Amino acid sequence: MPSIANIEGLFDAPPESARGPIGMTAVRDGTIVGALTVVTAALCARFDVSELLRRWTAPWERIQLDEWPAILIVLATGLFWFALRRFREARRALVHREAAESRANLALAHVRRLSHKHIEVQEQERRGIARELHDELGQYLQVIKLDAVGLRDTASSDPGVLALRAQAIVDNCNHLHAMLTGLMQRLRPVGLDELGLLAALEHCIQGWQSRLPTTTLTLTVTGDFDDISEAVALAIYRLVQESLTNIAKYAGASVANVQLRRENPRSIFIAVTDDGVGFDVGTPTQGLGLIGMRERISALGGHYTLDSAPGRGTRVHASIPVNQADASRIL
């Protein structure tokens, strides 16, 4: 995979000397041509060039040499017209190139932000997991060990004391199980490997529904999704997960719908819509969730569109091709 530095090199603009100031060059060349024309007119008036040419070409009148000036005028006019068209085409090409460079620079800025954000999120996730393992797993295991040692070494035959220690072990084990389940959910969607994409999406929506009691979340599925690759299934899940996260944070919606449709054996359509407050898609945002969704879909050769406006809700649409040879290598 190319590094960020290599990607930046692809978008580097050529130096000004390589591109050349086309406008200044045209003025300079036009000035030279105009000066040569004036000098030629002055010389022709001074030395009667046309009379000289008539006398010199008289012996070859049969080949009509005296008509050649008109032919050369037509040729010169045609060359001027051709050069003017080429100049205009070059100007248009330069405008298109500058627009492409602007888009490339914007894409490069997004790549940089995604790269930096990826490193930050990765480190934050590692710190969070390490902290939870130390604070939760380590401490609770120590408590369980102390309770177990107490059961082993206790000299009391009081059933109440034994029951309290046993119940403490059960409660601590339940707490550890819940904590480990939460860690696994952060690292990998629950049920995606064992139960498949649809079960994982249903679990995700149920989890968000419990957090958003005032929002009605629905899932509509059409078609068969058993044969899709792991990369495509994970991309669909992350797209829905990020969309629901944005709905919970910003939308204030009363209804949100997730639609998953197998349009044909080689294409999957995903749509997440809500009736929330919406936003102006032309306004830059600080977050990278939308950019990350677009890049994840683009990496699989799909198409991603976002449609929203203040007061009109938000619609996320994506189409992903499936059964690609290299899809399993993209995560």
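Taking (1) of a type in the set (Val, Ile, Thr); (2) closer than 30 Å to residue 152 by Cα; (3) in a loop (DSSP other than H, G, I, E, B) in turn, residue 228 satisfies each apart from (2).
Among the residues that make up the range 178-196, is at least one of them assigned to a helix (DSSP H, G or I), of a type outside the set (Gly, Ala, Ser) and modelled with pLDDT of 80 or more? Reasoning before the result, please.
Start the filter on the range 178-196 by keeping residues that are assigned to a helix (DSSP H, G or I), which leaves 178-187.
If we keep only those that are of a type outside the set (Gly, Ala, Ser) too, we end up with 179-181, 183-187.
The next check asks that each one be modelled with pLDDT of 80 or more; those that pass are none.
No, because not a single residue in the range 178-196 is assigned to a helix (DSSP H, G or I), of a type outside the set (Gly, Ala, Ser) and modelled with pLDDT of 80 or more.
No other residue among 234, 239 is in contact with a strand residue (DSSP E or B) (Cβ under 7 Å, 6 or more places away or on another chain), in the same structural domain as residue 257 (by TED's automatic domain parsing) and either more than 26 Å from residue 290 (Cβ to Cβ) or part of a helix (DSSP H, G or I) (or both) apart from 239. Based on this model, can you work out whether residue 194 counts as loosely packed, with under 11 Cβ neighbours inside 10 Å and either outside the structural domain of residue 238 (by TED's automatic domain parsing) or without any contact (Cβ under 8 Å) to a residue 24 or more places away in the chain (or both)? When the stated conditions are applied, residue 194 passes them.
Kindly indicate whether residue 97 is at pLDDT 90 or above, under 30 Å from residue 295 (Cβ atoms), basic (Lys, Arg) and in a helix (DSSP H, G or I). Yes; evaluated as a whole, the condition is true for this residue.
So, in the range 277-288, of the ones that are surrounded by fewer than 16 Cβ atoms within 10 Å (Cβ to Cβ) and at pLDDT below 80, which residue ends up nearest to residue 212 (Cα to Cα)? That would be 287. Scanning the range 247-276 for residues that are in a loop (DSSP other than H, G, I, E, B) and not charged (D, E, K, R), we see that the one that is modelled with the lowest pLDDT is 265.
Here the helices (runs of 4 or more DSSP H) wholly within the range 1-65 that include at least 3 residues being at pLDDT 65 or above are 22-47, 49-57.
The values are calculated or read from the model by the stated rules, or taken from the named source; none is laboratory data. Every value quoted in this text rests on a predicted model; they were computed, and no experiment measured them. Reconstructed Cβ throughout: ideal geometry from the backbone, glycine too, with neighbour counts over all protein chains shown.
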